[in-house]
Amino acid sequence: MTTSKWQYKIVDLSNSTSMGYTNPETEDFKEKHSGDDWKLIMMNIEINKLGQDGWEMVSNNGSDQIYFKRPDQT
């Protein structure tokens, strides 16, 4: 029987700063996506970056926190 080891990550998507954007970057992003749901677009970008790094969504806590896992890299 094979036992998999996992890394886990909790990501806070409650605001742009918690997603790693500075205030000027956020303002630029909002301007670029005016008329659209800029926060949803920003969240999708960040979730896709995690997917490209091998993270798989496991669960979410409402719309603010998302739980991810990926096979242990060590």
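Since every read-out is calculated from the coordinates, none of them should be taken as a lab result. This one's a predicted model, so the numbers in the text were calculated from it and none came from an experiment. Note: ideal-geometry Cβ built from the backbone for every residue, glycine included; neighbour counts use all protein chains shown.
Quick rundown of the values:
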item: For the chain, with +1 on Lys and Arg beta carbons and -1 on Asp and Glu, the positive-most of Pro71, Ser14, Ser34 along the dipole; result: Pro71
item: Answer label, with Cα extents along the principal axes in Å calculated from the coordinates and candidates (i) 40, 22, 16; (ii) 53, 24, 17; (iii) 45, 20, 18; result: (ii)
item: Computed [θ] at 222 nm, helices only, for the chain once each DSSP H run of length n ≥ 4 contributes -39500 (n - 2.57); result: -10500 deg cm²/dmol
item: Positive minus negative residues near Arg70 (Lys, Arg vs Asp, Glu; Cβ under 12 Å); result: 0
item: Charged-residue dipole, Cβ positions (Lys, Arg, Asp, Glu), the stretch 3-68 about Cα centre, Debye nearest 20; result: 280
item: Gyration tensor (alpha-carbon) shape descriptor, the stretch 30-69, a/c threshold 1.5; result: oblate
item: Local electrostatic count at Leu13 - Lys and Arg +1, Asp and Glu -1, tallied over other residues with Cβ under 15 Å; result: -1
